[in-house]
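To keep things clear, I will list the structure first and then write my remarks on it.
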Amino acid sequence: MSSDTAHDKLIALLDEHDATYRVIEHAPEAVTEVVSQLAGYDQRQAAKCIVVMVKVGKKVTRYAAAVIPGHKRVDFTKVKALFGGTYAGFASPEAAEELAGTPVGTIPPFSFDERMELFVDPEVLQHPEVFFNAARFDRSIALATADYEAIAKPTVESIAQA
């Protein structure tokens, strides 16, 4: 899936649910800290999505979309524990892009693939709006947090490093 296709799918999903959101255009960028500055929001309100690969035993691999505040890092130990896994780390860029349907650096905090479970850190939900990549390097979305929760239906777990 191309970035434009993923972007269109995301916008269609938000429109379908009558979500309160706005699209913010900015210079192309993938780094959350820089995007936050370009788009004019506090990175603490950013919903950064990291695709995590978890090994469960020797033969089973599972994936999580781990959504954390923009100023934090994912706690792989916590994600591993959610699956009863033996190892957790970043998914390969190829796996992340296949599961998310968009390039690394543009992955929105949703899961459109049943192979990837969606987890969000509760700190992401503390603000009235969340900001995130709009499946493109040059656009972000500001979305009402209540709408994000209602549409994405994430599992809320503490998955960010302290």
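The values are calculated or read from the model by the stated rules, or taken from the named source; none is laboratory data. Computed from a predicted structure; not experimentally measured. Virtual Cβ from ideal backbone geometry, glycine too; neighbours counted across all protein chains shown.
Say we look at segment 85-113 and pick out the residues that are more than 24 Å from ILE11 (Cα to Cα) and surrounded by 16 or more Cβ atoms within 10 Å (Cβ to Cβ); which of these is nearest to the chain's Cα centre (by Cα)?
In this case the residue turns out to be ALA91.
If you check VAL34 against the conditions, is it more than 16 Å from the chain's Cα centre (by Cα) and surrounded by fewer than 14 Cβ atoms within 10 Å (Cβ to Cβ)?
Yes; evaluated as a whole, the condition is true for this residue.
Got at least one residue in segment 15-22 being out of contact with any Asp or Glu (no Cβ under 9 Å at 6 or more places or on another chain) and either buried (at least 17 other Cβ atoms within 10 Å of the Cβ) or farther than 17 Å from ALA135 by Cβ (or both)?
No: segment 15-22 contains no residue that is out of contact with any Asp or Glu (no Cβ under 9 Å at 6 or more places or on another chain) and either buried (at least 17 other Cβ atoms within 10 Å of the Cβ) or farther than 17 Å from ALA135 by Cβ (or both).
Condition first: touching a Lys or Arg at 6+ places or on another chain (Cβ under 6 Å) and either at pLDDT 95 or above or over 14 Å from GLY105 (Cβ atoms) (or both). Now tell me which residues in segment 31-55 satisfy that.
Within segment 31-55, VAL54 is the sole residue that qualifies.
Scanning segment 128-148 for residues that are modelled with pLDDT under 95 and in a loop (DSSP other than H, G, I, E, B), which turns out surrounded by the fewest Cβ atoms within 10 Å (Cβ to Cβ)?
Restricting to residues being modelled with pLDDT under 95 and in a loop (DSSP other than H, G, I, E, B), the top hit is ASP138.
Taking LEU38 as the residue in question, decide whether it is without any contact (Cβ under 8 Å) to a residue 40 or more places away in the chain and over 26 Å from SER92 (Cβ atoms).
Yes, satisfied.
Does ASP121 satisfy the criteria of being of a type in the set (Asp, Glu) and surrounded by 22 or more Cβ atoms within 10 Å (Cβ to Cβ)?
yes
In segment 69-119, how many residues are in a helix (DSSP H, G or I) and among the aliphatic types (A, V, I, L, M)?
Matching residues across segment 69-119 total 7.
Evaluate segment 51-61: report whether one residue or more is farther than 28 Å from ALA88 by Cα and either of a type outside the set (Phe, Trp, Tyr) or assigned to a loop (DSSP other than H, G, I, E, B) (or both).
No, the conditions are met nowhere in segment 51-61.
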